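**Student:** Here's a structure for you.
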Amino acid sequence: MNTFRLLTLAGGLSIAAPGLAQQTAEKVDQAAIAKIKDEGMNRSKVMETAFYLTDVCGPRLAGSDGLKRAYDWTKTRLTQYGLTNASLEPWGEFGRGWDIEKSYVAMTAPYYHTMIGAPKAWTPSTSGSVKKQVAYVKAITEAELDRYKGQLRDKIVVLEVATPPKEGFEPDAKRYTDEELKKMADGTPAARPAATGTPATSEADRMATYRARLALRTKMTEMMMSEGAAAVLSTRGGSQGTFFTSNGAPYAPDAKPVLPEIEMSPEDQLRIIRLVEAGIPVEVEMETKTRFQTQDLKGYNVIAEIPGTDKKLKSEVVMLGGHLDSWHAATGATDNAAGCAVMMEAVRILKASGLKPRRTIRIALWSAEEQGLFGSRNYVKNHFADPATMKLLPEHEKLAAYFNLDNGGGKIRGIYQQSNEAVAPIFTAWLAPFTDLGATTVTPRNTGGTDHLSFDAVGLPGFQFIQDPLDYGTRTHHTNQDTYDRLIPEDLKQASVVVASFVYHAATRDQKLPRKPLPAATAKAQ
């Protein structure tokens, strides 16, 4: 899931559950649901799929060898499930791919200690194994940065830990309580963190602070390069050996050079800083060997279909998807192998159950979501409309709905309306058969940061499911802990049957799902 995730309120009626579902004329195929539950709960392949996407394919950074392995494996497996037209569809130019071939970092003086870390994405290799003295750089202004001129040559630079780990007294993982789900159904705003005594800041202030930090880091990078530093050690936070990962350089083919950089656990980095501040010399040994992929700069999505069976409706399409790419410090299990495994399992269930959808069902496994929803945005632009102009392509009228899964590995508890009030009674009826599995809630809240936004941006009905958060926000999202071991089989089985049912009912109802008014074009008139 993309880092910049929003959770906002949208206006709309509260749709709480059972009563209203009975008042609608929405048809629910109980026989089909029985088949879906039986296949999905008793003969599931979802964990097998998750295993191949994570442990076998490995990390799946955009443009990497791991993502290419996932392309090939998913395309083949979807064909084996009986889907047609399985293909790798190019969506445009992405940029350089990048892979790690070797990574090692340890403190060697005043004593030996192996440290936890990984190279930041799109950073270069070291010149073999390097063993250097450490220089600690702490600066929040350019004036403070100037103090370090002449002190960094041939040093491994350690940067400040902006968010030191704190002792926690709450469990990492949680599920939504009945009270929280009721608030979501009622449209109650999401709870905000308790006040800490610091003044509240506006979104404009936060963005200004972010831009200032980015500008300072750019200046810092330029200074370290010009000073002749050897490498950089940094952290974006974490705790108990967990560290967050990101890119340390652009993926553009003409990106400016940067230093080798390892992103580390805060605990290891803080140990070095305390020693340096106490006047004790610290030496670090490290080696990174990374490889850039420049032979193919294109981005691709994996596409496959279950053809519709109704003469009038088979030209219309119901889509489902999740993003196949991940970050590189782990194997991207909760972000987002889980979502892809569930979506693949949903179409497998539909084929194995012998159900005959009236509309065509199309699965899409997106790439480069982490860099800005690029795979889905370009797919929408190529097939449906460009939000800049809102000039609609013929396929725009044919899309019945898009369903997305990308909020970790938790089971589905309901679905976001995305400001589309008309779908509330439909979704309430579709959820009713899954009360026993914990999926009950239709919320007027919106959610962001996932590929459904690409469809919503051009007026198409795109939706993300509500999922139990588990430890997604506290331990696995964009960290070195995002591994297969974090997945719960029963949660992914439940999610698969709920998705399969939603997709099937969207593909068999007489009408496409209701749409919101078309948004205005985002580009200014010339």
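The values are calculated or read from the model by the stated rules, or taken from the named source; none is laboratory data. A quick note: this is a predicted structure, and the numbers were derived from the prediction, not measured. Heads up, the Cβs are rebuilt from the backbone with ideal geometry, glycines too, and the neighbour counts pull from every protein chain shown.
**Student:** Residues A70, A86: which one is of a type in the set (A, V, I, L, M), in contact with a helix residue (DSSP H, G or I) (Cβ under 8 Å, 6 or more places away or on another chain) and not in a helix (DSSP H, G or I)?
**Tutor:** Just one listed residue meets the conditions, A86.
**Student:** Just the residues that are buried (at least 24 other Cβ atoms within 10 Å of the Cβ), more than 18 Å from L470 (Cβ to Cβ) and aliphatic (A, V, I, L, M), please, taken from segment 427-441.
**Tutor:** Within segment 427-441, just L431 meets the criteria.
**Student:** Which count do you get for residues in segment 159-176 that are closer than 29 Å to A439 by Cα and within 24 Å of the chain's Cα centre (by Cα)?
**Tutor:** Number satisfying all stated conditions: 6.
**Student:** Is it the case that segment 369-388 has a residue that's buried (at least 19 other Cβ atoms within 10 Å of the Cβ) and assigned to a strand (DSSP E or B)?
**Tutor:** Yes, segment 369-388 contains a residue that is buried (at least 19 other Cβ atoms within 10 Å of the Cβ) and assigned to a strand (DSSP E or B).
**Student:** Residues in segment 37-57: is at least one under 18 Å from the mean Cα position of the chain (by Cα) and not in a helix (DSSP H, G or I)?
**Tutor:** Looking for residues that are under 18 Å from the mean Cα position of the chain (by Cα) and not in a helix (DSSP H, G or I), one finds at least one in segment 37-57, hence yes.
**Student:** Please work out which residue is nearest to F434 (Cα to Cα), limiting yourself to segment 67-80 and to residues that are of a type outside the set (S, T, N, Q) and buried (at least 21 other Cβ atoms within 10 Å of the Cβ).
**Tutor:** Of everything passing the filter in segment 67-80, L78 is nearest to F434 (Cα to Cα).
**Student:** Identify, please: which residue in segment 27-36 is in contact with a Ser or Thr (Cβ under 8 Å, 6 or more places away or on another chain) and part of a helix (DSSP H, G or I) and is, among those, surrounded by the most Cβ atoms within 10 Å (Cβ to Cβ)?
**Tutor:** The qualifying residue surrounded by the most Cβ atoms within 10 Å (Cβ to Cβ) is I36.
**Student:** Looking at (1) modelled with pLDDT of 95 or more; (2) touching a Leu at 6+ places or on another chain (Cβ under 8 Å); (3) under 22 Å from G95 (Cα atoms), can you tell me which one P260 breaks?
**Tutor:** (2)
**Student:** Looking at this structure, is E101 within 34 Å of the chain's Cα centre (by Cα), in a strand (DSSP E or B), charged (D, E, K, R) and in the same structural domain as A229 (by TED's automatic domain parsing)?
**Tutor:** Considered against the rule, which asks whether it is within 34 Å of the chain's Cα centre (by Cα), in a strand (DSSP E or B), charged (D, E, K, R) and in the same structural domain as A229 (by TED's automatic domain parsing), E101 comes out as yes.
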